[in-house]
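**Student:** Sharing a structure here in structure tokens format.
Read the figures in this text as sums done on the coordinates, not as results from a lab. Fair warning: this is a prediction, and the values are worked out from it, not measured in the lab. All Cβ positions, glycine included, derive from the backbone under ideal geometry; neighbour counts span all protein chains shown.
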């Protein structure tokens, strides 16, 4: 194998153990129910991740419009600022074992990529984080207009790395059906559970793909799979 491509949230960084500006809090601040917020958010999720809805204020306005509710602009910008802060905080402290793994992979000659389903405000802290310099390419759904598990987003990342998809591992926690998407793109999926093992309600696909509960175990596994060219 020539490349390792990582998911971002709950694979390289996590919201667990940090203050989260939850959907419930957002809904309360918007003055709507959590059920209403979730229902309207779900309808807009793909447009948001694909970058079609590029501004977070616009996203909240569209939710309120569907509910025939108006809120003042200052309130909406305050809500956006709270969300942006929480998302930036996720990048401030990276688990040392993650950085060690990435360093070892680079030392062993792997190309390293990232594919993330994300809205624009979720990755504001990425470029300033300790993670950023390790990646040969980063593919963000909101930039490229493609969303996991669409095989095209995996193929796009592989093409930027100038490797065949079949020569790539894809490492992720399994959200957004990303592991099946990677398999459909001819990558080898590996499931990362180090952040979700204590919190996941349903550890889906327990036997379908190799599981890694500890970062050091994945590091060891990957370093044995390197193919030199």
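**Student:** With all pairs of different alpha carbon atoms counted, what Kirkwood hydrodynamic radius in Å does the range 100-148 show?
**Tutor:** 11.8 Å
**Student:** Would you mind ranking 209, 60 so that the residue whose beta carbon has the fewest other beta carbons within 10 Å leads the list?
**Tutor:** 209, 60
**Student:** What number, rounded to the nearest 500 deg cm²/dmol, is the helix-based mean residue ellipticity at 222 nm of the chain, given -39500 (n - 2.57) per DSSP H run of at least four residues and division by all its residues?
**Tutor:** -12500 deg cm²/dmol
**Student:** With a point put 7 Å past each Cα toward its Cβ, work out how far residue 74 is from residue 104 in nm, to one decimal.
**Tutor:** 5.3 nm
**Student:** Per q in 0.10 Å⁻¹, report the Debye log10 I(q)/I(0) for the range 5-140, using one uniform scatterer on each alpha carbon and no solvent.
**Tutor:** The computed values of log10 I(q)/I(0) come out as -0.39.
**Student:** Can you tell which of 56, 11, 78 shows the greatest fluctuation in a Gaussian network model of the chain with Cα springs below 10 Å?
**Tutor:** The residue with the greatest mean-square fluctuation here is 78.
**Student:** Which shape class, rounded, prolate or oblate, goes with the range 23-89 when its Cα gyration tensor gives a ≥ b ≥ c as root eigenvalues, a/c under 1.5 marks rounded, and past that a/b bigger than b/c marks prolate?
**Tutor:** rounded
**Student:** On to the next question. For residue 22 and residue 216 in one chain, what is 0.36 nm times their gap in residues minus the Cα-Cα distance, to one decimal in nm?
**Tutor:** Stretched fully, the residue 22-residue 216 segment lengthens by 66.8 nm.
**Student:** Ratio of the chain's C-alpha Rg to 2.2 N^0.38 Å, to two decimals?
**Tutor:** The reported ratio for this selection is 1.05.
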